[in-house]
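**Student:** One structure is given below, represented as structure tokens, and several questions about it will come after.
The values are calculated or read from the model by the stated rules, or taken from the named source; none is laboratory data. Bear in mind the structure is a predicted one, so any value in this text is a computation, not a measurement. FYI the Cβ positions are ideal-geometry reconstructions off the backbone, even for glycines, and counts take in every protein chain you see.
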Amino acid sequence: MTVRRHARASCCLKCRGKRMKIASRKTKSLKSRLRGALSPSIAIATAICAAALGGAAHAQTVETVPDAPADTAQPAKNDVIIVTGTRVTGMTIEDSPAPIQVVTAEVLKSSGASDLINALANQTPSFNANQTGGDMASQTLTASMRALSPNHALVLVNGKRRHITSNVGAASGSMAADMGHIPTSMIERVEVLTDGAAALYGSDAIAGVFNVILKDDYEGGSLGGGYSAYEDGGGETDTWSGNWGFGNETAYFNIGFDIENRETVTRAAPYGPAACVADRAACQAYLDTGYLKYGSAFRNTALAGYLSSNDVNMVFNPEFPFVNHVGDPPELHRQSFMFNSGWHITDQLELYAHGSFGSKQAKSHETYRRPTQDGGVDLNRDGDRSDTVNGVRESQVNKYPYGFTPFEESDERDYEFAGGARGEFAGWNYDVASVYGRSRMDVFTTNSMNFTLWNETGASPEDFYDGTYWSSNWSNTVNLSHDFDIGLANPITFATGAEYRIDEYGIKPGEPASYYGAGASSFPGYNPAVNTGSYDRDSYAGYLNVILEPTDNWLVDVAVRYEKYSDFGDQTIGKITSRYDINDIFALRGTASTGFRAPTLGEGFYSAVNVSPTGASPQLQPNGAGAATLGFGAGLQPETSTNYSVGLVIKDPIPRLTMTLDAYEITIEDRIGRGSFAYSTGQSANTRTGRAGQSTNSNVPDPGDTNGDGIPDAEYNRALGEALVAFGYIGQWDNPTAAGGSLDPTARANISVSLFNNALSTRTRGVDWVMSYNTDFDWGDITWSLSANYNDMEVIEAKAAPAVLGGATMYSALNLRNMETSDPKYRVNLGARISVGDFTINLRETIYGDSYSLTSAAAFPQAIKDQLDIVRFRNVDYYKAEIGVMALLNIDLSWKPTDDVRITVGADNVFNQYPDKMPKAVWDYQTERFNNSQRQYMTGSPVGYFGRKLYAKVSKTF
């Protein structure tokens with residue numbers, strides 16, 4: 001049946017002195033993948049492009065447009081009216097003075113991605129999703145635009161600011177809006193503005209804006225389901241979605257849902273005794289002959305549940321040698337519901353509302369703990385665990401005789417409600433709205449233990465409630481606009497408005513066992529003495545915006561905005577955007593703007609202890625007393641930015657071929673990042689001992705590497721040590737193993753202190769290229785698309801640490817270099833959508849540039865260095881961990897057996913490509929040392945390390 005949309009989606013609006021009907025919009029596309037030289041998929045893409053240029057008939061659309069019913073004409077995507085990046089009513093994409101892309105519901109529906117972020121990342125080359133992460137970073141998927149922070153892209157829903165996540169652990173502190181809670185079944189389109197727009201929308205819109213436009217259908221709907229999995233195992237995912245419209249031409253109520261259930265993907269590297277990793281069967285036979293103290297009787301003794309001879313017992317773990325899964329994506333269960341509604345009271349007044357509710361449960365692996373890391377039990381209560389009691393050595397009374405893998409789990413609730421009125425009064429357009437959103441996340445550590453409780457009592461819980469963090473945003477806005485005819489080519493648009501916002505953030509403590517002493521192993525609970533509290537602030541903003549056209553082919557858009565925050569003061573920013581149409585084919589456009597980003601309350605007040613099996617890093621509040629004692633008394637300040645862009649628009653040089661080319665430069669000063677100061681680092685001396693065939697001891701600390709040169713210094717950092725003592729983390733500033741302090745005793749070999757700061761300034765330069773072309777043939781049609789992004793980020797300033805830290809660095813020269821090289825500098829999307837009768841084939845090739853980071857090789861013997869790509873940097877040897885060029889081919893085939901049923905099958909990463917593996921010499925060396933961060937594949941790839949994904953979907957409209 002024909003779906004009817006709300007009346008405002010077909011009313012006539014003024015468009016720069018013309019009358020234009022708002023078009024419905026649908027698009028389509030895919031992502032792809034492969035690596036190497038001229039791979040099979042690159043060859044396929046080259047052939048596709050050659051065929052397009054040689055066999056074109058005539059064009060029709062920009063992206064992918066689905067077949068329309070015979071009685072309805074689907075407009076080209078460039079004729080779609082946009083509402084993002086401009087306050088001119090009726091602006092189209094091809095007339096926009098700012099670069100903007102539209103991703104339609106049809107694209108999202110056919111994508112192999114199971115969430116909105118990945119679906120958008122597949123379509124927008126300057127937008128890359130993070131596929132893996134540790135701790136809480138893996139449980140809230142984030143993405144970055146132009147290799148900046150996720151915080152630098154603003155998310156709107158129906159033009160209204162979306163609330164942010166409460167998860168500070170995502171992407172090193174980024175608290176962007178979690179688009180995973182927006183059901184794709186509710187989305188009509190997403191408008192992606194790739195230009196600085198803080199003067200229009202306020203804080204955060206430095207790199208760009210995502211405006212999610214919701215469906216307003218008042219009848220009809222759809223139901224759908226899908227299943228996907230990786231061919232090499234894992235990632236089994238089922239998805240379900242639905243959407244219904246109710247009402248009439250005066251009022252509408254549209255509701256929808258998305259449900260996703262996803263299993264983890266395991267690509268763990270071997271971990272454990274090197275000989276056993278190499279030949280487990282031989283190792284097992286060797287152990288059973290009596291090499292272990294308890295030999296083959298180990299698993300039969302009455303003490304088997306607690307007793308372990310030494311770390312070699314990890315070979316009895318049923319997952320050995322693939323016991324360490326940290327970094328693998330989490331198991332996830334997500335349920336999202338949303339509605340969108342409106343009611344035309346009169347022709348000049350509409351009441352509207354939209355809202356969402358999301359629930360998500362996630363479970364991710366933490367680093368594997370070896371059997372003896374719990375330290376044993378003080379059976380005779382004499383203050384140490386070195387005695388033999390009743391024939392049992394105290395240090396060998398272990399809770400998990402084969403070691404254990406803790407899990408970090410979260411249970412999240414996310415909701416938002418927006419309501420308002422818009423219309424026209426006395427010639428003025430108005431929009432008055434209020435939006436409240438809240439994110440709450442309960443955090444748990446499971447399958448773990450508290451080492452301190454175990455050492456002292458011989459008992460410990462296995463599952464812990466660590467605490468809860470929450471965040472809320474309440475935004476109230478008034479927007480007014482009016483067109484004035486002052487004798488120019490077209491009337492000028494004058495817009496003004498104001499905003500009042502309240503932000504809140506808080507952390508609630510966990511159960512006492514989660515933070516007592518060492519706390520829950522892998523993720524200690526939030527301690528009410530140092531980690532918890534509630535914080536809030538309010539802000540006011542006002543703006544003026546004037547859009548004028550001095551001539552028929554010249555548009556100028558000027559805006560200025562003022563904001564004042566209760567915690568750090570005020571900011572005034574502005575922008576000027578212009579477009580000049582040289583003729584009907586060529587146009588020039590450009591923007592100069594300033595912007596800012598207010599630090600989130602989570603960045604300012606989050607505090608926790610991050611631990612690994614052999615290290616600990618307390619994170620201090622930058623706006624708290626701990627940071628002040630280290631010389632950071634002012635707390636976090638806002639980031640400020642300057643954005644320049646210039647672009648060329650080419651439309652119809654041959655019928656319906658469209659191309660845009662935009663160059664940009666974004667400079668961010670006082671950029672917020674998480675800096676880390678070394679108090680002590682371990683295992684440098686132990687490394688050489690281990691290579692000599694002796695036993696390593698990861699619990700013996702070495703002096704701190706305070707200057708970041710890879711060589712331990714002669715003494716500990718006193719300022720950091722005293723701060724650690726003041727907060728109760730250690731008992732003596734120059735001896736971390738001395739009695740006292742709450743840090744895990746097994747994690748004191750590598751101690752650092754971290755906090756968010758404004759130490760960096762960066763400059764990002766790049767180019768976006770978007771081209772589309774459509775060809776019609778007697779047998780069907782093909783829509784071609786090409787989009788590309790080149791992006792280069794440079795650190796132009798790194799401020800020195802406060803003098804009280806005695807020369808310690810927040811970001812070493814190595815950190816800064818890796819920031820500049822660890823992301824691919826370019827990405828290219830090639831797409832073709834082929835429609836033949838009831839069948840549609842989508843092909844998309846996505847090519848990612850290479851990237852690399854440098855990792856210290858100072859401790860490696862020369863024999864290992866000879867096998868690596870060694871780079872000498874600041875007189876220290878590093879090996880180059882490089883991920884080469886990757887190209888991915890994605891294909892899907894859709895069939896419509898009836899007008900209202902669609903069946904889709906597809907494959908992402910058709911040629912089953914993976915990132916480069918860790919060099920074998922490093923792999924062998926790390927295995928020998930029981931290195932807990934070992935991975936088979938280089939980390940940091942925007943496509944993950946999962947291989948080919950196969951999927952199938954079915955949907956029915958009604």
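**Student:** Considering every residue within segment 388-398, establish whether at least one is in contact with a helix residue (DSSP H, G or I) (Cβ under 7 Å, 6 or more places away or on another chain), among the charged types (D, E, K, R) and either surrounded by 20 or more Cβ atoms within 10 Å (Cβ to Cβ) or at pLDDT below 95 (or both).
**Tutor:** The answer is no; no qualifying residue exists.
**Student:** Let me ask you something else. Here is a check on your reading of the model: is Ala747 in contact (Cβ under 8 Å) with a residue 60 or more places away in the chain and surrounded by 23 or more Cβ atoms within 10 Å (Cβ to Cβ)?
**Tutor:** Judged against the criteria, Ala747 is a match.
**Student:** Go through the residues of segment 215-231 one by one and say whether even a single one is in a helix (DSSP H, G or I) and surrounded by 22 or more Cβ atoms within 10 Å (Cβ to Cβ).
**Tutor:** The answer is no; no qualifying residue exists.
**Student:** Another question, if that's okay. Inspect segment 843-852 for any residue being assigned to a loop (DSSP other than H, G, I, E, B) and more than 28 Å from the chain's Cα centre (by Cα) and give the result as yes or no.
**Tutor:** no
**Student:** Here is a follow-up. Given the conditions (1) over 27 Å from Asn151 (Cβ atoms); (2) in contact with a Gly (Cβ under 7 Å, 6 or more places away or on another chain); (3) at pLDDT 85 or above, report the number of the one that Thr660 does not fulfil.
**Tutor:** So the condition that Thr660 fails would be (1).
So that you can scan it fast, the table gives a plain yes or no per residue for (1) without any contact (Cβ under 8 Å) to a residue 60 or more places away in the chain; (2) touching a Phe, Trp or Tyr at 6+ places or on another chain (Cβ under 9 Å); (3) under 30 Å from Val725 (Cα atoms); (4) not charged (D, E, K, R):
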{"residue": "Gly510", "(1), (2), (3), (4)": "no, yes, yes, yes"}
{"residue": "Tyr516", "(1), (2), (3), (4)": "no, no, yes, yes"}
{"residue": "Gly519", "(1), (2), (3), (4)": "no, yes, yes, yes"}
{"residue": "Ser522", "(1), (2), (3), (4)": "no, yes, yes, yes"}
{"residue": "Tyr526", "(1), (2), (3), (4)": "no, yes, yes, yes"}
{"residue": "Asp538", "(1), (2), (3), (4)": "yes, yes, no, no"}
{"residue": "Leu544", "(1), (2), (3), (4)": "yes, yes, no, yes"}
{"residue": "Gly569", "(1), (2), (3), (4)": "yes, no, no, yes"}
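**Student:** Go over the candidates Ala858, Ala881 one by one and state the one that is at negative phi and in a loop (DSSP other than H, G, I, E, B).
**Tutor:** Checking each option against the conditions leaves just Ala858.
**Student:** Report, ordered by the first and then the second residue, all pairs with beta carbons closer than 6 Å, sequence separation of six or more or different chains, a first member in segment 161-173 that is under 14 Å from Asp503 (Cβ atoms) and of a type in the set (Gly, Ala, Ser), and a second member that is modelled with pLDDT under 95 and surrounded by 24 or more Cβ atoms within 10 Å (Cβ to Cβ).
**Tutor:** Listed pairs, sorted by first residue: Ser166/Tyr469.
**Student:** Residue pairs, Cβ under 6 Å, 6 or more apart or interchain, first in segment 799-823 and closer than 24 Å to Ala719 by Cα and in contact (Cβ under 8 Å) with a residue 60 or more places away in the chain, second assigned to a helix (DSSP H, G or I) and among the aliphatic types (A, V, I, L, M). List them.
**Tutor:** That search, which allows pairs on different chains as well, returns Val804/Ala719; Leu805/Ala719.
**Student:** Out of everything in segment 867-876 that is touching a residue at least 60 places away in the same chain (Cβ under 8 Å) and part of a strand (DSSP E or B), what residue ends up being nearest to Met819 (Cα to Cα)?
**Tutor:** In this case the residue turns out to be Phe873.
**Student:** Another question, then. With at pLDDT 85 or above and under 21 Å from Trp470 (Cα atoms) as the only criterion, which of Ser185, Ser126, Ser166 stands out?
**Tutor:** The match here is Ser166.
**Student:** Just checking, which of Asp347, Asp258 is exposed (fewer than 15 other Cβ atoms within 10 Å of the Cβ) and at pLDDT 85 or above?
**Tutor:** Asp347
**Student:** Sticking with this one: Of the residues Phe404, Phe425, Phe417, only one is modelled with pLDDT of 85 or more, over 30 Å from Ala251 (Cα atoms) and of a type in the set (Phe, Trp, Tyr); which?
**Tutor:** Phe404
**Student:** Determine, yes or no, whether Ala881 is at pLDDT 85 or above, under 30 Å from Gly225 (Cβ atoms), among the aliphatic types (A, V, I, L, M) and under 25 Å from the mean Cα position of the chain (by Cα).
**Tutor:** Criteria not met by Ala881.
**Student:** Still on this structure, please answer the following. Being over 12 Å from the mean Cα position of the chain (by Cα), farther than 24 Å from Asp466 by Cβ and in a helix (DSSP H, G or I) narrows it down to one of Val192, Val103, Val107, so name that one.
**Tutor:** Just a single option satisfies the conditions, and that option is Val107.
**Student:** Take segment 624-640 and flag every residue that is more than 29 Å from Ser593 (Cα to Cα), in a loop (DSSP other than H, G, I, E, B) and not hydrophobic (A, V, I, L, M, F, W, C).
**Tutor:** Gly624, Gly631, Gly633
**Student:** Then there's this: How many residues does segment 356-376 contain that are at pLDDT below 90, charged (D, E, K, R) and over 12 Å from Thr405 (Cα atoms)?
**Tutor:** Looking only at that region, the number is 1.
**Student:** Right, next: How do the pairs read when you match residues in segment 188-204 that are touching a residue at least 60 places away in the same chain (Cβ under 8 Å) and more than 15 Å from Met91 (Cβ to Cβ) with residues anywhere that are among the small types (Gly, Ala, Ser) and surrounded by fewer than 24 Cβ atoms within 10 Å (Cβ to Cβ), using Cβ under 7 Å and keeping only pairs 6 or more apart or on different chains?
**Tutor:** Ala199/Ala559; Ala199/Gly574; Gly202/Ala541
**Student:** Would a scan of segment 763-772 turn up a residue that is surrounded by fewer than 16 Cβ atoms within 10 Å (Cβ to Cβ), touching a strand residue (DSSP E or B) at 6+ places or on another chain (Cβ under 9 Å) and either closer than 25 Å to Gly595 by Cβ or touching a residue at least 12 places away in the same chain (Cβ under 8 Å) (or both)?
**Tutor:** no
**Student:** Going through Ser894, Ser835, Ser856, Ser851 one at a time, which residue ends up being among the hydroxyl-bearing types (Ser, Thr, Tyr), touching a residue at least 40 places away in the same chain (Cβ under 8 Å) and out of contact with any helix residue (DSSP H, G or I) (no Cβ under 9 Å at 6 or more places or on another chain)?
**Tutor:** Only one candidate qualifies: Ser835.
**Student:** Taking segment 899-935 as the region of interest, how many residues are in contact with a helix residue (DSSP H, G or I) (Cβ under 9 Å, 6 or more places away or on another chain), modelled with pLDDT of 80 or more and either over 28 Å from Val885 (Cβ atoms) or surrounded by fewer than 16 Cβ atoms within 10 Å (Cβ to Cβ) (or both)?
**Tutor:** 3
**Student:** Would segment 121-133 turn up any residue that is in contact with a Lys or Arg (Cβ under 9 Å, 6 or more places away or on another chain), hydroxyl-bearing (Ser, Thr, Tyr) and crowded, with 24+ Cβ neighbours inside 10 Å?
**Tutor:** yes
**Student:** Just a yes or no: is a residue in segment 418-434 among the aliphatic types (A, V, I, L, M), buried (at least 16 other Cβ atoms within 10 Å of the Cβ) and either within 24 Å of Glu603 (Cβ to Cβ) or in contact with a helix residue (DSSP H, G or I) (Cβ under 7 Å, 6 or more places away or on another chain) (or both)?
**Tutor:** No: zero hits.
**Student:** Which one is farthest from Arg561 (Cα to Cα) among residues in segment 455-469 that are assigned to a strand (DSSP E or B) and modelled with pLDDT of 95 or more?
**Tutor:** Phe464
**Student:** Would you call Ala98 of a type in the set (A, V, I, L, M) and not in a helix (DSSP H, G or I)?
**Tutor:** yes
**Student:** If you go through segment 567-582 one residue at a time, how many are more than 21 Å from Asp483 (Cα to Cα) and either at pLDDT below 95 or crowded, with 22+ Cβ neighbours inside 10 Å (or both)?
**Tutor:** The total comes to 6.
**Student:** Quick one: how many residues across segment 560-591 are assigned to a strand (DSSP E or B), among the acidic types (Asp, Glu) and farther than 16 Å from Ile93 by Cβ?
**Tutor:** Selection size over segment 560-591: 2.
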